[in-house]
Amino acid sequence: MKVTLVTGATGVLGIQLVCSLIRRDEKVIAIYNSESSLIWSNRVLQYEGISDAQLSLIEWKKVDIEDVFSLGALS
């Protein structure tokens, strides 16, 4: 199965990309940096009618892309 890393997954464009990918049954690693942005993203996913099965295709990772050490969490 193809896995796609989406940086900026909690932004307006990023969450739409995540929706498109999981609707095609692709696994996504989605980066977020704050709990509030993750809550907003989950509300958008709910509004978009994403199923629980599709939600299971998303692996959320809390990462600060300016912190080299937190990038190690992606591996």
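The values are calculated or read from the model by the stated rules, or taken from the named source; none is laboratory data. Computed from a prediction, not measured in an experiment: that's the story for all the values here. No Cβ is skipped: glycine too gets one built from the backbone with ideal geometry, and neighbour counts run over all protein chains shown. Areas reflect the complete protein model, heavy atoms only, side chains present, ligands, DNA and RNA absent. Shrake-Rupley method; radii C 1.70, N 1.55, O 1.52, S 1.80 Å.
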Task: Hz values of 3J(HN,Hα) by residue in the stretch 12-28 - Karplus curve (6.51, -1.76, 1.60), Gly and Pro given as x - done: 4, 6, x, 5, 5, 5, 4, 4, 4, 5, 6, 5, 9, 6, 9, 6, 10
Task: Contour excess over end-to-end distance, with Cα ends at Ser37 and Ser56 and 0.36 nm allotted per residue - done: 5.0 nm
Open item on the list: So with the 1.4 Å probe, I'd like the accessible area per residue for the chain, rounded to whole Å².
Closed with: 64 Å²
Open item on the list: Give me the one-decimal nm value for the distance between modelled label points at Leu5 and Val44, 7 Å along each residue's Cα-to-Cβ direction.
Closed with: 2.0 nm
Open item on the list: Please report the net charge: other residues with Cβ closer than 13 Å to the Cβ of Leu45, K and R +1, D and E -1.
Closed with: 0
Task: Accessible carbon and sulfur surface of the chain relative to its total accessible area, %, 1.4 Å - done: 56 percent
